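The structure under discussion appears below in the form of structure tokens.
The values are calculated or read from the model by the stated rules, or taken from the named source; none is laboratory data. Small disclaimer: the values here were computed from a predicted structure and weren't measured. Here the Cβ is made from the backbone with ideal geometry for all residues, glycine too, and neighbour counts use every protein chain on show.
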Amino acid sequence: MSIIIYSLLALGCVALLFATVIFFVDKKFKVVEDPRIDKVQEILPGANCGGCGYPGCRGFAEAIVKTGDFSALFCPVGGNEVAKKAAVIMGVEVKEKAPRIAVVRCNGSYQNAPQKARYEGASSCAFAHMLFAGESGCPYGCLGCGDCVSSCTFDAIFMNPETGLPVVIEDKCTSCGACVKACPRGIIELRNKGPKGKRIFVSCINKEKGAVARKNCAVACIGCGKCVKVCPHEAITLSDNLAYIDYEKCKLCRKCVSECPTGAILEINFPPRKTDVKNTNEVEA
Amino acid sequence: MNGLKTFPLGGVHPDDCKFTSQKSIVSIPIPERVYIPVSQSLGAPSVPIVNKGDKVKTGQLIAKGEAFISSNIHSSVTGEVEKIEDWIDTSGYKRKTIIIKTEPDVWEEGIDLSSEIKREITLSKEEIIQRIKDKGIVGLGGATFPTHVKVSIPQGKKAEYLIINGVECEPYLTSDHRLMLEKGEEILIGTQILMKAIDVDQAIIGIEANKPDAIEHLSKLAEKYKGIKVQGLKLKYPQGAEKQLIKALVNREVPSGKLPIEVGCVVQNVGTAFAVYEAVQKNKPLINRVVTLSGNNIEGGNFMVRIGTPIQKLIDFCGAKLENIDKIINGGPMMGKALVSTEVPVTKGTSGILLFSAEVSSRMKVYNCVRCGKCVSACPMGLEPIVLEKAAEVGNWDLAEKYHVLDCIECGSCHYTCPAGRPLLDMIRLGKNKVNQIIRSRVK
Amino acid sequence: MSTYILSGSPHVHDTQDVKKIMWGVVYALIPAFLVSVYFFGIPALMLSLLAVASCLLFEFLIQKYLFKSSELTITDGSAVITGLLLAFNVPSSLPWWQIVVGSLVAIGAAKMTFGGLGKNPFNPALVGRVFLLISFPVDMTTWPKVSPLNTSLTDVITGPTSLGIIKEGLMKGESIGKLMQNVPTYTDMFVGNIGGSLGEISAIAILIGGIYMLVRKIITWHIPVSYILSVFVFTGILWLINPEKYADPVFHLLAGGLMLGAVFMATDMVTSPVNHKAQLIFGVGCGVLTVLIRVWGAYPEGVSFAILIMNAATPLLNNMVKPKRFGGA
């Protein structure tokens, strides 16, 4: 009997001692942190992809709480929903942003831009870019080593073995922008996803003169400017022999698509037209 | 011949394959068109001073090196500038190139074309350096560093040795070897000119032991020249690398990230010495060079080629067939660049054109790294390619920098020796590139 | 228009590759294998073949059905080495199913768990052997006596190994001088006419294999020499202090699995350090640990444990010991 009492007493004393120590240590070394940081972090996706420009979701949560300003802060993975929830925690209003998606602006598939050399070596676009212009000879085109694929934390991009080009999986892409940074040639761009995923873009970033570009690739933008003239919304600009469609201004009228002589302008997720469809090379998953 | 020397750290022993070492240098005919890229040397591209339609003579200045590290470029033929446009060159990209349609050869005035050897050096030190600069001389070993920059010793530094690099440690290449045999006297005079330019009284010519005839020939000739010594070297790659050669010849170690002048040495290639001789004594600009054409199943030879000649012309002249050729290399097999097409012109840095079939030159199967450590033992700079490759693979540039990726001389010994066939040098090059970018952005 | 291959330099390659190296090791193991078959007969042959076959089978199964990888690496020879070395480290009388279990542990747990060839931190064969030693101590320490050109399918006569004789004798308080009369002569130990694990008995056969590997540049001298030398020096010092209590260094070199360990196991490139300086430290570490275990430990033999412990220290050695850098401070 006495053993039980003694042991209880002894353990109780030890427990009390530790509790006191912990209590004081906790008071002394307390880190004061805004409780909203935890709350915000909780609603974030937790992918730690860095797409927001901050080191992980915690860093982003801290930034939100610190600034309280949503105009420059956006979680591309969580999108508007997360922004709204975070705004509720912070007690501010937030404007909705159009969802975006990564777009590969090169259509230099094996068929459109035949290989003139075979690349052997480290499967790294960054290195191949240092080494030479590319298997097709186009110094702007996709190198096909898949740096974008390995950079994607969401498995949203893969190399199509038939074309040698990366393909973005629409449902999985969170527009975090990792592939945009990974591509040494800046081929991938984040563009508005568009209503029902409909979007139109120039699938080429070649700034060479038309004839030179055309030599390497059948679907290169030759900078003829026809699309600029035909566009009723002034959404298309031409510089350095290259047309660019501003996705904020584009109204998806598709006039430029049929005007383009090389088929460099792609339309995605539109119902098929009755007449000719030029973008047969298009592969979407 | 005195005892053979070599460098202690690392190195590999590739088959030397010097098939063309007994073939005399033959001049090849001038092609219908030459393609002269404006960036042929290390540093900033030269600025063209001719326009479309201009008539140029052989040896006329057509592009000026305006930046500090840049070099002049002269027309290698007589003719009319057809156009100035982007043309594929050894970099694998298209870059600005002066294209000249040739006419019968007429040389610029003041160039001494006689074969008579002019021994007396009349110019002063400053005049020599200016002449080297004017005549567009660059390092002909392959790195194409402008020679006038190299021989201008910075303030506060003193050179003690001039080292002439006749090592030619790259397999297959024999252009320096032939030059030493056929133009030995000129090389020695060039060496004396360079000695005067950098103000030293000792010069050592390093030659690897697989060229006994060149060692003997130059040793005999050098007896007449004060201060010039010929030293035989053991066969080991990369002996011809600047830092390794200095270590082998005078046993001094260039500190990491520093230039050879730090230990009182200036290194020049034998080809450069010959070009310097021609520029200073004969007033001839650098418009042609010796190119070795070789490969694993072609006859090959050594040719005197005008700068800007498409390599297709060289291949045609040699009578080589391209049917079984899968890889064309500009330079040696260890450090040269693979070319995409035969339209690429010969430039100042083209020491050889190698034609390989796939079985010799294609990359081997890649296995997992088995941590055998062969790359570490092979690295002549004492680096750890195994770590550098991993660092570049995962994009850990800080780690790459910590492991001294910038010390890498890109000799390729690690990749050559790797039994797992891993693309070590590819990844290290990428690492170097990224770390350089990071360092540059830090300065800003 | 023909297409040319494009790649970064270098464009030529040494003829050696992983496959050739691995098969080179297999060839180097042949002398020791022949000696073991000569002295232990059919059981040794069966056991070795079984070990190799089961290692290959497990690697194949794991790759095909667990990794679902399309590329199979069983032809690269590394699994054959693991199987042979595992067999070399067990007595020839080991029940057949135990060697299969050992193979499973070696390939499954020690190698494929980490991603296959080149990624394992520990020598797979040694992990398999230590697993067997701990799980089946009796079977693993029952040593059949040698009977040259024995054609029967089972060994019957058993006896202790020389290290076992010494260890047991010392525990009973007998002196070395007396115990040494019971151990085989050094000539027998050198040739292999002694009891023990399959592959460890003949020093000469192992040395022949080692020299072959040195000539083929599969291994460098650093690890074996530093290992053997440090064992020799350490036991030599002990022997000089008290020759009645400690066996002489030559005995330590020839007895047990030291030769096999130093030449074939410690030199395994995957699990040893990459630079020569670190390799020397690794060898000395193995040597010191081996002697510590042999002289003061509970087991008569310490080679496997010593190498495994140093395997664990390999990443540390790689990190701490750097090769001399050209132009470095």
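Out of all the residues in the stretch B:201-226, which are charged (D, E, K, R) and part of a loop (DSSP other than H, G, I, E, B)?
B:Asp201, B:Lys211, B:Glu223, B:Lys224, B:Lys226
Just to be sure, is C:Thr235 in contact (Cβ under 8 Å) with a residue 40 or more places away in the chain, under 14 Å from the mean Cα position of the chain (by Cα) and in the same structural domain as C:Ile166 (by TED's automatic domain parsing)?
No: the conditions fail for C:Thr235.
In this structure, is C:Ala312 modelled with pLDDT of 90 or more, part of a helix (DSSP H, G or I), touching a Cys at 6+ places or on another chain (Cβ under 7 Å) and not assigned by TED's automatic domain parsing to the domain that holds C:Leu117?
No; evaluated as a whole, the condition is false for this residue.
Please determine whether any residue of the stretch B:3-16 is free of Cβ contacts under 8 Å to residues at least 40 places away in the same chain, within 25 Å of the chain's Cα centre (by Cα) and not assigned by TED's automatic domain parsing to the domain that holds B:Leu235.
For the stretch B:3-16, residues free of Cβ contacts under 8 Å to residues at least 40 places away in the same chain, within 25 Å of the chain's Cα centre (by Cα) and not assigned by TED's automatic domain parsing to the domain that holds B:Leu235: absent.
When both residues are 6+ apart or on different chains and their Cβ atoms are under 7 Å apart, which pairs have a first residue that lies in the stretch C:16-37 and is within 14 Å of chain B (Cβ to nearest Cβ), and a second that is of a type in the set (D, E, K, R) and outside any helix (DSSP H, G or I)?
Here the result reads C:Gly24/C:Arg216, each pair linking the stretch C:16-37 to a residue that is of a type in the set (D, E, K, R) and outside any helix (DSSP H, G or I).
Please indicate, with yes or no, whether at least one residue in the stretch C:62-78 is within 23 Å of C:Trp143 (Cβ to Cβ) and of a type outside the set (Phe, Trp, Tyr).
No, the conditions are met nowhere in the stretch C:62-78.
Out of B:Gly110, B:Gly43, B:Gly141, B:Gly136, report the one residue that is out of contact with any Ser or Thr (no Cβ under 9 Å at 6 or more places or on another chain) and assigned to a loop (DSSP other than H, G, I, E, B).
The conditions single out B:Gly110.
Does the stretch B:61-83 contain at least one residue that is free of Cβ contacts under 8 Å to residues at least 60 places away in the same chain, within 30 Å of A:Ala213 (Cα to Cα), over 21 Å from the mean Cα position of the chain (by Cα) and within 14 Å of chain A (Cβ to nearest Cβ)?
Looking for residues that are free of Cβ contacts under 8 Å to residues at least 60 places away in the same chain, within 30 Å of A:Ala213 (Cα to Cα), over 21 Å from the mean Cα position of the chain (by Cα) and within 14 Å of chain A (Cβ to nearest Cβ), one finds at least one in the stretch B:61-83, hence yes.
With respect to the numbered conditions (1) in the same structural domain as B:Asn436 (by TED's automatic domain parsing); (2) in contact (Cβ under 8 Å) with a residue 12 or more places away in the chain, which one is the sole condition not fulfilled by B:Lys365?
(1)
Looking only at the stretch A:90-101, which residues are out of contact with any Leu (no Cβ under 6 Å at 6 or more places or on another chain) and surrounded by 17 or more Cβ atoms within 10 Å (Cβ to Cβ)?
Of everything in the stretch A:90-101, those that are out of contact with any Leu (no Cβ under 6 Å at 6 or more places or on another chain) and surrounded by 17 or more Cβ atoms within 10 Å (Cβ to Cβ) turn out to be A:Met90, A:Val94, A:Ile101.
Here are B:Gly382, B:Gly336, B:Gly332: which of them is closer than 26 Å to B:Pro8 by Cα and surrounded by fewer than 23 Cβ atoms within 10 Å (Cβ to Cβ)?
When all the criteria are applied, what remains is B:Gly382.
Counting only residues that are closer than 22 Å to B:Gly331 by Cβ and of a type in the set (Gly, Ala, Ser), which one in the stretch B:231-260 is farthest from the other protein chains (Cβ to nearest Cβ)?
Only one residue fits best here, namely B:Gly240.
For the stretch C:237-275, enumerate the residues that are touching a Pro at 6+ places or on another chain (Cβ under 8 Å) and within 19 Å of C:Ile223 (Cα to Cα).
Scanning the stretch C:237-275 gives C:Gly256, C:Ala262, C:Val263, C:Ala266, C:Thr267, C:Thr271, C:Asn275.
Scan the stretch C:263-280 residue by residue and report those that are in a helix (DSSP H, G or I), within 8 Å of chain B (Cβ to nearest Cβ) and either surrounded by 23 or more Cβ atoms within 10 Å (Cβ to Cβ) or of a type in the set (Lys, Arg) (or both).
Residue satisfying the conditions is C:Gln279 alone.
Filter the stretch A:175-218 down to residues that are closer than 29 Å to B:Asp86 by Cβ and among the charged types (D, E, K, R) and give me whichever is surrounded by the most Cβ atoms within 10 Å (Cβ to Cβ).
Checking each candidate, the answer is A:Glu208.
Can you pull out the residues in the stretch C:93-140 that are within 14 Å of chain B (Cβ to nearest Cβ) and in a helix (DSSP H, G or I)?
Correct list: C:Lys111, C:Met112, C:Phe114, C:Pro124.
Looking only at strands (runs of 3 or more DSSP E) that fall completely inside the stretch A:59-166, which ones have 1 or more residues that are away from chain B (no Cβ under 14 Å)?
The qualifying strands (runs of 3 or more DSSP E) are A:100-104, A:157-160.
Go through A:Arg214, A:Arg199 for me and flag whichever is within 25 Å of the chain's Cα centre (by Cα) and in the same structural domain as A:Pro166 (by TED's automatic domain parsing).
A:Arg199
Is one or more of the residues making up the stretch A:203-222 farther than 26 Å from B:Arg95 by Cβ, within 14 Å of chain B (Cβ to nearest Cβ) and not aliphatic (A, V, I, L, M)?
No, there is no match, as no residue in the stretch A:203-222 is farther than 26 Å from B:Arg95 by Cβ, within 14 Å of chain B (Cβ to nearest Cβ) and not aliphatic (A, V, I, L, M).
Listed residues B:Val26, B:Val77; which is part of a strand (DSSP E or B), at pLDDT 90 or above and not charged (D, E, K, R)?
B:Val26
Contact list please: Cβ distance under 7 Å, first residue in the stretch C:193-204 and over 16 Å from C:Pro160 (Cβ atoms), second residue in a helix (DSSP H, G or I) and of a type in the set (Ser, Thr, Tyr), pairs at least six apart or on different chains.
Going by the 7 Å Cβ cut-off, the qualifying pairs are C:Leu198/C:Ser36; C:Leu198/C:Ser48; C:Gly199/C:Ser36.
For the stretch A:109-117, does any single residue satisfy the condition of being surrounded by fewer than 20 Cβ atoms within 10 Å (Cβ to Cβ), hydroxyl-bearing (Ser, Thr, Tyr) and either farther than 27 Å from A:Cys221 by Cβ or outside the structural domain of A:Cys250 (by TED's automatic domain parsing) (or both)?
The answer is no; no qualifying residue exists.
So which helices (runs of 4 or more DSSP H) are wholly in the stretch B:261-377 and hold at least 2 residues that are within 14 Å of another protein chain (Cβ to nearest Cβ) and closer than 16 Å to B:Phe19 by Cβ?
B:358-361
Across the stretch C:171-186, what is the total count of residues that are touching a residue at least 24 places away in the same chain (Cβ under 8 Å) and either under 9 Å from C:Lys245 (Cα atoms) or exposed (fewer than 15 other Cβ atoms within 10 Å of the Cβ) (or both)?
3
Any idea how many residues of the stretch C:281-296 are within 14 Å of another protein chain (Cβ to nearest Cβ) and surrounded by 22 or more Cβ atoms within 10 Å (Cβ to Cβ)?
Qualifying residue count, the stretch C:281-296: 2.
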